[in-house]
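Below is one structure, written out as structure tokens; comments come after it.
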Amino acid sequence: MAPVLVFAALAAWALSSPVGASPDDDFHLTSIWCATGNSDYCAPSGDDGTRLVPPAVANPACFAYDAEKSAGCQSRLDFTAGATQETGRGNFAGGYPLVYYGTMSMFVGPDVHASAFVMRIVNIALFVGIGVVLYLLLPAARRQILIWQWALTTVPLGLFVLASNNPSSWAVMGIGYGWLALLGYYESRGRRRIGLGALYLLGAVMASGSRSDATVLFIVATCAAVMLSAQRSRQFALLSLLPAAGLAICAFLFRASRSVDAVAGGVADQLGLGVILQRIAYNLTEVPSIWTGIFGQSWGLGWLDTSMPAVVWVSCLAALIGAGFVAARASSVRKSVVVFLGATALALIPVTLLVLAGNDVGDNYQPRYLLPLIIVFVGAVFFTPAAQSVRLSRAQTWSIIIALSIAHFIALYLNTRRYVTGIDALSPDLDAGREWWWNLVITPNVVWIAGSLCFAAALAMLLSSARMTATRASGTQAAEIAVPQRGIRGL
Amino acid sequence: MVPGHADVVDVSKRTHFSRRFRLIYLAPVLALLALSAWAFASPMGAAPDDDYHLVSIWCATGDDAYCQPGSTDATRLVPQALLSSPCYAFYSEESAACQNRIDFDSTALVESKRGNFVGAYPPLYYSVMSVFVGPDEHFSVMLMRLFNIALFVGITSALYVLLPRNRRPALVWGWLVSTVPLGIFLLASNNPSGWAVAGVGSAWLALLSYYDARTPATRWASAGLVAVSVLMAAGSRGDAAMYVVGALGVAALLAFANTKRFWLLTIFPLAMTVVAGAFFLVARQTAAGVNGFSGAEAGPAAQQAATAADSLSGFGLLAYNLLNVPSLWIGSFGGWALGWLDTPIPASVTFLALAAFVGVGFVGLSILNSRKVIAVAGVGFVLWMLPTYVLTQGGDKVGEQVQPRYILPLVVLMAGLLVIEAGRKKFALGRVQTLGVVMALIAANLVALHMNMRRYITGNDVPGWNLNAQAEWFWSGAPAPMVVWAIGSLAFAGLVVVLAREMSISSVKVPETDPAEELKLSASR
């Protein structure tokens, strides 16, 4: 039941935003259309740097950057027109890997609306499908990682990205699932191990096939899983051929996309060491704003133009910190090292890239780039060393469920509101005076309410079950564990 | 709590006390140092509306040399230096060196209506502070800050000693996780908000100690602390008078027992409620409930409102405020700028301080009984609805008029309340958890103190870690800025470490008195 509810909640997000709503969608849609190799969809223009594509693909985001402007402006676009408009925004020079665009191009049809929507549904189905398979294959003690890492990190940015046409959705899925599959792969046997290994490789292809920076993050995530499971044994060495293969896939796809210049493209002129140190210090003190950006603080959804009220990010952040803090109690030296290195990576990766490009936090480097690694980090925090367990009290679990449900309810409303009428009309009724909506029978209100209820129900089922499996998995040991933990002395 | 067992613990503690020195004795000294560093970190007039508050203090002396009647009832003749000391306010890049242009020696008085002349604020804070007024304004201002710090540390240390062991985590963690950076800035300032925070945050624990007391001496001492903290809260701000009554109510709820003894004991807090009510009625700031907190503080607030000219009304305004009030809570952790809302605090401080609060509070959520649930829900409701109501009533949006410092006393109360032990479970953090909170608080204070000093010493236009370089302003006679920063940060770090260590040691000792274990033991016998 839970997978259906998750699917429905994500589908509501897919419906809540128009074609072209996620960042740089003009670029990504054009790239997908051109990956078809069909001249009905993407015709050469005579110039190497441009192509001819349908106008709704070349410039769908007429509303971008102006939160008061609804997607009603799209009514001027012809969504069934042929490849008539010339655009230079697309993956023509090969800055992005091709796997994502190639796969998505299978769903391109004459109607841009229908094609874009089908692609979103495919992404959602992939997310839910891999999630279910992974849940079934993982050892019981690791299933709670799967649930917590996604539940705590995806409202609202994660849900928006997963249900979008943006390659970031694959980056998020590939890394978020891949590392956990690898962890399970080391810990299980037989067919399960084969299945998990396959999922890991799938994750590698999805991550490095969608964004080149995701390749780097995937390697970091792989390291986390390896470090958490490492043993000094021949068997471990043999098993580690798989992550080696995963890294090879990453390297291959990374090379294929020639994206080194995309990552370090903006390297500024040689600066003095003092200036660079100051930049590093400044960016280090501000870098948490990128982390909290995944909850919508000071970073909007969509083209960064759909800002979220404080209640959304405060609830989500509090849920994450609270649950993570309880989970941190189950600790071992190895876990502490991984979590520490993870936090360092979360701080240093954005800072390094920003400083190299001569930017400060707030420019260019967006929270969605870092989101996959945050998911892995949260997963690692919920990793339980042998014979320990993460146990939340009933009050704690339900506070999290309620906080996240409320945040989701408001985020979905605002995201829909922003495209239906623009953010200038704040009434609780999304149907009233709407300027844009899909050509569907169901209305925005229905989508909003149903999506929110499904999400809340899914959370209630999954989180309360994760709480219980944690108790059950530890079973008889639970009582024994509680006592020695009281005995912790000093710092 | 099994009666008798707690006594045993007390005795063993007392033998400890006489036998050897323990690190916890250093805590008050470290707290004094850490807070004093914050006192030196900002110039005269740095806290919001300090021109108003300083004038009010000077006029509370009743000395003609400092304050004379004005042409109308609403004005007075006051020293110009007081009015213009916040010359840097609202300009983050302007250092406090602009005070060099002010003539602090002049005895001439100018007419002003910026002061507590029409009774907008309760008079007590100003009267007490007026004791320290002298011919040297800077010296007087610093004396007042140091007095406020000593008062706070004194009350808190006394409470630590008086409170039973199982209440101490609420005192210690409650203050630590809710006061970096805004609380610590205010506690070491000339602003009556400092007293409001200290008073409300101490009153409820003092009252709990009063109910819990096992000896008459403890009870009398606790009653004294209740009285002092209620007077501090109610005597400083009208809204704090309201909060402190709520805080006393929370303590009474937690300690409630339907016995004659309880009701007799409750006569005293009821009397304190009447006192707070009297202050509340005297202060015309109570108009807050009707037309916003603006009152006498309209000066800077109005300026702010003008920039956010966005107009919302009706449902939109209510919804906007309801959904954005959490930003006021986060303001306590640096989500809002310090000082005259002109000292921006980096995201890392906010993140770390908030993480410490949420982490500790969330662990507290696993220790609940029905009374604690009611108390937490009640305080939470007020934290959310009061600002929403006041803002919407006044036609304002979150960001205007109501500042985080107005609701900070409730945030402090909430922190302690979340930690307080209820039922049989003990509040204890694990090793990694303790380490996490300790590191987060230390780092947050270190960065926040640096940012605060940087803003006044050179203004935010000068980058770099070295505060001594190109310094444009600092207290004369004080150690170099870098020394103050280092002492403040180290003292705070030491304080947090000592307290966290003490908390985890005592949480180990507590299971000895765990009734459940005792039952098991007797059953096995």
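The values are calculated or read from the model by the stated rules, or taken from the named source; none is laboratory data. Computed from a predicted model, the values in this text were never measured in an experiment. No Cβ is skipped: glycine too gets one built from the backbone with ideal geometry, and neighbour counts run over all protein chains shown. Note: accessible area is taken over every heavy atom of the protein model, side chains too, but ligands, DNA and RNA are not part of it. Shrake-Rupley method; radii C 1.70, N 1.55, O 1.52, S 1.80 Å.
Of the DSSP beta bridges with both residues in chain B, give the percent that are antiparallel, rounding to the nearest 5. Given both bridge residues lie in chain B, the antiparallel proportion sits at roughly 90 percent. Computed from point charges on the beta carbon alone (+1 for Lys and Arg, -1 for Asp and Glu), the dipole magnitude for chain B about its Cα centre is near 2620 Debye.
Considering only B:F262, B:F362, B:A65, and ranking their Cα positions along the charge dipole of chain B that arises from unit charges at the beta-carbon of Lys, Arg, Asp and Glu, the one farthest toward the positive end is B:F262.
Using a ≥ b ≥ c from the Cα gyration tensor of the stretch A:294-428 (square roots of the eigenvalues), is it rounded, prolate or oblate, where a/c under 1.5 gives rounded and otherwise the larger of a/b and b/c decides, a/b for prolate?
It is oblate, given that a/c is not under 1.5 and a/b is not larger than b/c.
This model, with +1 at the C-beta of Lys and Arg and -1 at the C-beta of Asp and Glu, gives the stretch B:80-188 a dipole about its Cα centre of some 760 debye. Its alpha carbons considered, chain B gives a radius of gyration followed by a Dmax of 23.2, 85 Å.
Shown here is the pair-distance distribution of the stretch A:105-172: with all Cα-Cα distances grouped in 5 Å bins from zero up to the longest one, the shares run 3, 16, 22, 22, 16, 11, 6, 3, 1, 0 percent. The solvent-accessible area of B:T107, taken with every protein chain present and a 1.4 Å probe, is close to 120 Å².
Residues A:E286, A:E68, B:E94, sorted by accessible area with the largest first, give A:E68, B:E94, A:E286 [1.4 Å probe; ligands and nucleic acids excluded]. The B-A contact accounts for approximately 3500 Å² of buried accessible area, totalled over both chains at a 1.4 Å probe radius. Of the whole protein surface, A:W438 contributes about 30 Å² of accessible area at a 1.4 Å probe radius.
Convex hull volume of the Cα atoms in the stretch A:165-238, per residue, in Å³?
Taking the convex hull of the Cα positions in the stretch A:165-238, it is 75 Å³ per residue.
Projected onto its three principal axes, the C-alpha set of the protein assembly as shown covers 91, 81, 57 Å, listed from the longest axis down.
A 1.4 Å probe run over chain A, with the rest of the protein chains in place, finds 38 Å² accessible per residue.
Once the partner protein chains are put back, the stretch B:333-361 shows a loss of at least 10 square angstrom of accessible area, versus the chain by itself, at B:P346, B:A347, B:S348, B:F351, B:L354, B:A355, B:V358, B:G359 (probe 1.4 Å, ligands and nucleic acids excluded).
Could you sort B:F280, A:F455 by accessible area so the largest value comes first, with the probe set to 1.4 Å?
B:F280, A:F455
Per residue, the stretch B:66-212 exposes 33 Å² of solvent-accessible protein surface, assessed with a 1.4 angstrom probe and all protein chains in place. Taking the centroid of alpha carbons for each part, the stretch B:430-496 and the stretch B:327-383 are 22 Å apart.
Which is farthest toward the positive dipole end of the stretch B:317-474 among B:P326, B:Q470, B:G339, measuring Cα position about the Cα centre, with Cβ charges +1 (Lys, Arg) and -1 (Asp, Glu)? Positive-end residue among those listed: B:P326. Checking Cβ-Cβ separations below 4.7 Å across the protein assembly as shown identifies A:C223, A:C250, A:C316, A:C454 as cysteines lacking any candidate disulfide partner. Only one residue of A:A214, A:I401, A:A140 has its Cα farthest out toward the positive end of the dipole of the protein assembly as shown, where Lys and Arg carry +1 and Asp and Glu -1 on Cβ, and that residue is A:A140. Counting lysine pairs in the protein assembly as shown whose alpha carbons fall under 20 angstrom apart, excluding pairs fewer than 8 residues apart on the same chain, gives 9. Under the criterion of Cα pairs below 8 Å and six or more residues apart, the relative contact order for chain B equals 23 percent. Shown here are the Rg and Dmax of the Cα trace of the stretch A:107-231, at 14.9, 54 Å. Each DSSP beta bridge with both residues in the protein assembly as shown is either parallel or antiparallel, and the antiparallel ones are about 95%.
FRET efficiency for the A:F252 to A:N38 pair, using the beta carbon distance and R₀ = 22 Å, is estimated at 0.25.
Modelled spin labels at B:K113 and A:S332, positioned 7 Å past Cα toward Cβ, are 7.2 nm from each other.
Working from Cα pairs under 8 Å separated by at least six residues, relative contact order for chain A is 22 percent. Around the Cα centre of chain A, unit charges on the Cβ atoms of Lys, Arg, Asp and Glu (plus for the first two, minus for the last two) sum to a dipole of about 2700 debye.
If you roll a 1.4 angstrom probe over the protein chains with everything in place, what fraction of the accessible area of the protein assembly as shown belongs to carbon and sulfur, to the nearest %?
C and S fraction of accessible area: 65 percent.
Inverting the pair-averaged 1/r between distinct Cα atoms of chain A gives 23.3 Å as its Kirkwood hydrodynamic radius.
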